[in-house]
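A short write-up of the structure that comes next.
No lab work stands behind these numbers, since they all come straight from the coordinates. In this text the structure is predicted, and so the values were computed from the model without any measurement. We place every Cβ from the backbone using ideal geometry, glycine too, and count neighbours over all the protein chains shown.
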Amino acid sequence: MIQIPPGAFARPGTSLEFKTGTWRAERPVHQRRAAPCHSACPAGEDAQAYLAKVEMGDMRGAWETVVAANPLPAITGRVCHHPCESACNRAHYDESITIHGVERFLGDEALRQGWSYPVPIPSADAPRMAVVGSGPAGLAAAYHLLRGGCRVTLIEAMPAAGGTVRTAIPHYRLPPDVLEQELDHMLALPGLDFRLRTQLGRDVSLEELRTDHEAVFLGPGRRKGREWSADFAVPGNLRTGLQLLEAWVAGGTLPEQPRSVAIVGGGNTAVDLARVLRREGVEQVHLISHQRVPAPGVPADDAMRATYREVSQALEEGVTIHEHRGVRRLILRGERVVGMELVHMKKLEDADGRLRRVAFEGTETVLHVDQVIPAIGQDVDGSGFESLVRRGYMEVEPWWGTVDGQSGIFSGGDARSDHGTVSEAVGDGRRAAAAMLRYRAGKQLEPGAPPEPIPYSDLNLSYFETAPASKEPVLPPEQRLGLEEIEGGLQANAVRHEAHRCLSCGDCLACDNCWTLCPDQSVLKTREVAADGSHYVFDYDFCKGCGICAHECPTGYIRMIPE
Amino acid sequence: MNEQPLHDLDTLRARQPRFRGLESGHRACQGCGEALAARLTTEAAGPDVVVANATGCLEVFTTPWPQSAWRLPWIHSVFGNTAAVAAGMEAALKQQGRATQVLAFAGDGGTFDIGFQALSGMMERGHDVLFVCFDNEAYMNTGVQRSGSTPHAAMTTTSPPGELRMGKRHMKKDILSIIAAHHIPYAATASVAYPSDLRKKVRRAMDTEGASFLQIHSPCPLGWGHDGAKTIEVARLAVQTGLFPVIEMERGELIGTLPIREPRPVSDYLKLQNRFRHLFASEYRARKELEHLQAIANRNIERFELRGVGPETYDTEGADTVHRGGDRWA
C-alpha cells in the first residue's frame, strides 16, 4: 500500500466545511409577483395561476382558481372585454394569451361536468348578511359572503336573477342557456336564501334588512332612464335604448320597424341596440357619439365607453358611427321625427384644465331618420334607499365599496358612476364581501389597490419561443343574422396550447434554470413543493450572491435583495 | 419569503437527482463560468471517472488544502502535462482491465499554449481520454494575461489598448482546426449558456472510443469585466453573434452545428464586457476594429454554415427553451 503524505491529498467534498455564503452582498429570494393579467382583471382573477393549472392538466383545479375570485366564468368569459389580454406581457413578445377563451372553456366545463363550488356549508348560527340585487355585483357579493362562512339573504325585484346580464346582454353575445345554467349553479349554493320579486322599499325596508343582518350590500344597478330632449323637443314615440334592448332581449321583437334609426350615445347599450336593430332588418343604423371609436392609442376620455370589440363588430355589421357629433335639434313633423341636426363636437380643456364639450358653429349637418333613440345612460333607481343616491349614482369608497357616512352598508357595480362592466361589478361584489366580513369582525379597512404587476423587462425571454395565439372562430358578419353566438370559444387542445404559451410572469414554473445554472451548487431541488411554492431552495451557507439565477429566471420569480 | 428553511439542507443536498461532481464551498468568484462548466461536465460524466487537472483557476479554487470540492478521483498535474498524466492513467486503467473513464481538465492556457504538445501527443497516440478545455480566453489565475485563446482586440494586462494597439493584436488561435488535423474520433465546442447541448456532448464524448476533445466557452466576470449575474447572457451572446461557433466534428470533419436563428450584431456581445470597452470610443480605429470583429463573426457563420433556415428545435433559440416541471432535453 502506498502511503500518500498528508498535504498531497484531501478528502472528497470537504470544501463544504468552508461557507462561501459569507462573501455574499446580495441574496436571491423567491418572490411571487402579480402577473399583469392578474393586476388588470377588474374581477380580481389570477389568470396566470389558472393557466398554470391548465398546463398541468388540472382543469378542475384551474376552475377552482377562477371561482376563487369570480363565480361566473362562463358568463364573463363571453361578455368581458378582457383587459387582462391588453395587459398580457406576451403582447410585447408575439401575441397575448387568449385568456378569455380559457376562462370561458373552464366555465363551460364546470357546468358540463357539474363541478361544485368550493364553498363550505354554513353553520346554523353563521352570521347573516343581506344582498340587494342579483346582478353580477350582488351575485359576487353573495357568493363571497357564502365562501366566508355566512348565510346570505339575496333579494331581487325582478322575476328572475341576473340583473343587466339577463335583461340587456343580447343572446348572440351570451346564449340564454349558458346564463341560466351558470346562475342556477350558483344560486343552488347552501346557505343562500334567494327571494325573487322582492323589492327594497316596497316588500322590505332597508332598516329591516339592517336590523336582521350584520351588513347589507346594495347592487341595484342602473335602470332609470335619464331625461332626454334636444332643444326641448321630445318625439311622441320616444323610448330609451335600454327599454328597447330589454324588450328585444326578453321577447325577441321590437315594437316598431323603422327604416332608419339614429341612436344617441356611445356606451355598450347604444352599440348593442345598434347591432340588434341591424339584425331586425333596419337598413340604416346611425350611432351619434361625442367621442371617437375606441382603438389602441385613442385616449380613454376621448373614446366611446363601449368596448373596442363590440364597436368593431358593430362596424363590421354595417352600423354607421358618427364620431365627435352632438344633436343640436330634432326635426319633427307633428310628433314624429323625420330628421335631426348634428353638429361637430369635441371635448377641450378650459382655463381650469377641465374638459368641456364644445360645439363648433357652422358645422351643422342634417341626418334624415325615422326614429331617434337616446341611449345616454341610466341612473340608479333609489327606491327604498333614496337618501343614499347622489346625482344618480351611489358614492362609494372605490376599493371596499363602503357607502359614505353609512356604517354596515356597502355598494358596487353599475350603481357606481365609474363602473359599467360585468367584470367590474364582480370585482366590486368580491371586495365588498371582504369588507363586510372585516366590518363584522371589527377590523379596520386598510386602503386597497390592485397588486403592482411585474414589468415585461423583468422577464428573461431567451428561454421562450414564439408561437401564434389560438383564435376562436368568429361568425362572419353576413351570417350574424339571428341569435347565434358570434364567438365560438376555444377547444380543449387550443386551451392547453394557450396555457403552454403563458410566460408564467412572476411565478415559478419549475423549469430547473436556477438549479441548472448555479455555478456554486447552491440551488437545491426539492421533491415536493417547498414552503414558498417553488421546487427549489437556496443554500445560503454557500450562495455567493452572484445573481445568475435571478438574471436567468425566465419568469422574474427570483429577486436579489441586499443582505 | 421564508427565512426558516423547511428542509434539512444536508439531507436535501445528498438527495439531489444528479451526480454532484463539484461540490459547494469552492472558492471561484461570483458568477464563475468555469465553475459552472466543470459542474455541468462532471455531472454528465458521472461518478466512474478519474480527472487530471492542469494548473489554473479550476485547480486553485477547487482544492485549497486541506479541502477539496471534488467528489471524484482527481489529480493535479503541472501546467503543461495534463494530457500526458491523463494518458498514463488511461494506460494503467486499461492494463488493470477497468472501465473507468479518464478526463483531462485544462484552461485555455493549458490547452492552446503551455499544454499543447502533451495534448497533441495524447491525441496522436489515441488514448481513450476526454480532454476538456475550459476556455475563458486568458490566463485568469495569474491576473488576466493574454493567451493564444484571447480574442482579437480584447484588453488584458499584457495586451492593453493604447496609442499603438487596440487590445490584442493577434487572432484567437483556431484550436479546432488543429484538433481536426489529428483526426480524432470526436471533437466539439460547447457553451455554458446551452447546458443541455453541453451535457449531451460530454456523454457523447464519453461513449467514444479513443481521444476526444471538448472546448467549453466559459465567461470570466473578473477577467472580461462583466457583471457576474450576466455570465450566461454573455456566453449566449457569444454564440448568437457567431463569435463562438458551437460545432461538432468526427475524424476532423464537421458533422453538426448549433444553428443561429437570428444572428445578433457583435456589439451586443462586446458592449457587455470591459475588455472591449475601448472599441466603443468614438475614433476611427475603434470603429475599424468593431467592423473587424463583425467580419470574423460573419466568417464563422459562413464557414460553419451556422445560419439556420427558419426555426429549428435545436437552434440558438430552441435549444434551451424552458418547460414547466424542468424536463430539459439532455
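A simple charge model with +1 on the Cβ of Lys and Arg, -1 on the Cβ of Asp and Glu and nothing else charged puts the dipole of the protein assembly as shown at about 1420 debye relative to its Cα centre.
Quickly estimate the mean residue ellipticity at 222 nm for the protein assembly as shown, helices only: each DSSP H run with n ≥ 4 gives -39500 (n - 2.57), and the total goes over all residues, rounded to 500.
On the way: 28 runs with 265 residues, N = 893.
Helix-only estimate at 222 nm: -8500 deg cm²/dmol.
Rank by packing, highest mean first: peptides B:133-144, A:523-534, with packing defined as the count of other Cβ atoms within 10 Å averaged across residues.
On the way: B:133-144: 24.7, A:523-534: 16.2.
Highest mean packing first, the order is B:133-144, A:523-534.
Its Kirkwood hydrodynamic radius, worked out from the mean inverse distance over all distinct Cα pairs, puts the range B:215-315 at 14.5 Å. Applying the criteria of a DSSP loop state and at most 12 other Cβ atoms within 10 Å to the GluC sites (Glu not before Pro) of the range A:83-190 yields no site. Placing unit charges on the Cβ atoms only, positive for Lys and Arg and negative for Asp and Glu, gives the range B:223-325 a dipole magnitude near 460 debye about its Cα centre. Among B:78, A:270, B:154, whose Cα projects farthest towards the positive end of the dipole of the protein assembly as shown, with charges put on the beta-carbon of Lys, Arg (+1) and Asp, Glu (-1)? Value computed over the given set: B:78.
Within the shell defined by Cβ-Cβ distances under 10 Å, the residues around residue B:329 carry a net charge of 0, with Lys and Arg each +1 and Asp and Glu each -1. Treating the Cα atoms of the protein assembly as shown as identical point scatterers in vacuum, please give the log10 of the normalised Debye intensity I(q)/I(0) at q = 0.06, 0.08 Å⁻¹, two decimals. Debye output, listed in q order: -0.57, -0.84. Full extension of the chain between residue A:196 and residue A:31 yields a length gain of 54.7 nm, computed as 0.36 nm times the residue separation minus the alpha carbon distance.
Sorted by average packing, counted as other Cβ atoms within 10 angstrom per residue and highest first, what order do A:135-141, A:545-551 take?
Numbers: A:135-141: 32.9, A:545-551: 25.1.
Packing order, densest peptide first, comes out as A:135-141, A:545-551.
Bridges between two residues of the protein assembly as shown, per DSSP, are antiparallel at a rate of about 40%. Compared with the dominant Cα axis of chain A, that is its longest principal axis, helix A:492-501 is turned about 60°.
Residues whose amide H falls under 5 Å from that of residue B:52, counting only those 5 or more places apart or on a different chain, are B:75, B:103, B:104, B:105, with hydrogens built in the peptide plane.
Counting Cβ atoms of other protein chains within 10 Å of each Cβ in A:524-534 and taking the mean gives 4. Other protein chain C-beta atoms within 10 Å of residue C-beta, averaged over B:174-182: 0. Starting from the Cα gyration tensor of chain B, take the square roots of the eigenvalues, sort them a ≥ b ≥ c, and report rounded, prolate or oblate (rounded when a/c is under 1.5, otherwise prolate if a/b is larger than b/c, else oblate). Note, shape of chain B comes out rounded. Packing here is the average count of other Cβ atoms within 10 Å per residue, and on that basis the peptides B:109-118, A:366-375, B:292-301, A:188-197, highest first, run B:109-118, A:366-375, B:292-301, A:188-197. Shape of the range A:234-309 from the C-alpha gyration tensor: prolate (a/c of 1.5 or more and a/b above b/c, with a ≥ b ≥ c the square roots of its eigenvalues).
Given in Å, the Rg to one decimal and the Dmax to the nearest whole number for the Cα atoms of the range A:1-160 are 25.9, 97. Pairs of Lys residues in chain A, spaced 8 or more positions apart or belonging to different chains, with C-alpha separations under 30 angstrom: 7 in total. Residue A:13 sits among other residues whose Cβ lies under 9 Å from its own Cβ, and their net charge, with Lys and Arg +1 and Asp and Glu -1, is +2.
When +1 charges are put on Lys and Arg Cβ atoms and -1 charges on Asp and Glu Cβ atoms, the dipole computed for the range A:227-378 relative to its Cα centre reaches about 40 debye.
Quick one: work out the % antiparallel among DSSP beta bridges in the range B:19-303, nearest 5. Don't jump to the answer; show the numbers that get you there.
Numbers: 9 of 35 bridges.
Of the beta bridges lying entirely in the range B:19-303, close to 25 percent run antiparallel.
For the range A:227-378, what class follows from the C-alpha gyration tensor (a ≥ b ≥ c being the square roots of its eigenvalues): rounded when a/c is under 1.5, otherwise prolate if a/b is larger than b/c, else oblate?
Values: a/c = 1.86, a/b = 1.24, b/c = 1.50.
Since a/c reaches 1.5 but b/c is at least a/b, the shape of the range A:227-378 is classed as oblate.
What does the structure give for B:65-72 when I average, per residue, the other chain Cβ atoms found within 10 Å of the residue Cβ? If you can, show how the numbers build up before the last one.
Numbers: counts 6, 7, 9, 7, 9, 6, 5, 2.
Per residue, the average neighbour count from other chains is 6.
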